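This report concerns only the one structure given below.
We did not get these values from a lab; they are worked out from the coordinates using the rules stated. None of the values given here were measured: they were computed from a predicted structure. Every residue, glycine as well, gets a Cβ built from its backbone with ideal geometry; the counts of neighbours run over all protein chains shown.
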Amino acid sequence: MKEIIETIILNLVDNKQSVEVNEKQGEKSIVFEVKVAEEDMGKVIGKQGRLAKSIRTLVKAVAGREQKKVTVEFID
């Protein structure tokens, strides 16, 4: 799943070197923390958060197949 998130984010941003996707494993869930450059944050979140919501929906769909609970957080 981390690869899917990285692929999506890298195709959206201009500054590809600043992209970081960290995975934190919990007992029942996985949290992905996405960090991008400040100037690229708007591109990742999108208008009214629509793009961020779409990314979360896509990751949750993939996680549903694997019986896992996943959240994606965008960090400044």
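Does segment 63-76 include one or more residues that are part of a strand (DSSP E or B), exposed (fewer than 11 other Cβ atoms within 10 Å of the Cβ), among the β-branched types (Val, Ile, Thr) and without any contact (Cβ under 8 Å) to a residue 60 or more places away in the chain?
Yes, some residue in segment 63-76 is part of a strand (DSSP E or B), exposed (fewer than 11 other Cβ atoms within 10 Å of the Cβ), among the β-branched types (Val, Ile, Thr) and without any contact (Cβ under 8 Å) to a residue 60 or more places away in the chain.
Spot the failing condition for LYS60; the list is (1) farther than 16 Å from ILE75 by Cα; (2) surrounded by 16 or more Cβ atoms within 10 Å (Cβ to Cβ), and only one is missed.
So the condition that LYS60 fails would be (2).
With the requirement that a residue be under 24 Å from GLU66 (Cα atoms) and either in contact with a Cys (Cβ under 7 Å, 6 or more places away or on another chain) or of a type outside the set (A, V, I, L, M) (or both), what does segment 18-36 give you?
GLU20, ASN22, GLU23, LYS24, GLN25, GLY26, GLU27, LYS28, SER29, PHE32, GLU33
Pairs needed: first member in segment 37-56, without any contact (Cβ under 8 Å) to a residue 40 or more places away in the chain and under 21 Å from VAL70 (Cβ atoms); second member anywhere, of a type in the set (Ser, Thr, Tyr) and surrounded by 11 or more Cβ atoms within 10 Å (Cβ to Cβ); C-beta distance under 9 Å; at least 6 residues apart or different chains.
Qualifying pairs under 9 Å: GLY46/SER54; ARG56/THR71.
Which of the residues spanning segment 1-18 are over 9 Å from the mean Cα position of the chain (by Cα) and in contact (Cβ under 8 Å) with a residue 60 or more places away in the chain?
MET1
Could you please give the count of residues in segment 1-44 that are among the acidic types (Asp, Glu) and part of a helix (DSSP H, G or I)?
So the answer is 5.
Which count do you get for residues in segment 45-55 that are loosely packed, with under 15 Cβ neighbours inside 10 Å and either β-branched (Val, Ile, Thr) or in a helix (DSSP H, G or I) (or both)?
Result for segment 45-55: 6.
Yes or no, residue by residue, for (1) farther than 20 Å from GLU3 by Cβ; (2) of a type outside the set (S, T, N, Q):
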residue: GLN25; (1), (2): no, no
residue: LYS28; (1), (2): yes, yes
residue: PHE32; (1), (2): no, yes
residue: VAL36; (1), (2): no, yes
residue: GLN48; (1), (2): yes, no
residue: SER54; (1), (2): no, no
residue: VAL59; (1), (2): no, yes
residue: ARG65; (1), (2): no, yes
residue: VAL70; (1), (2): no, yes
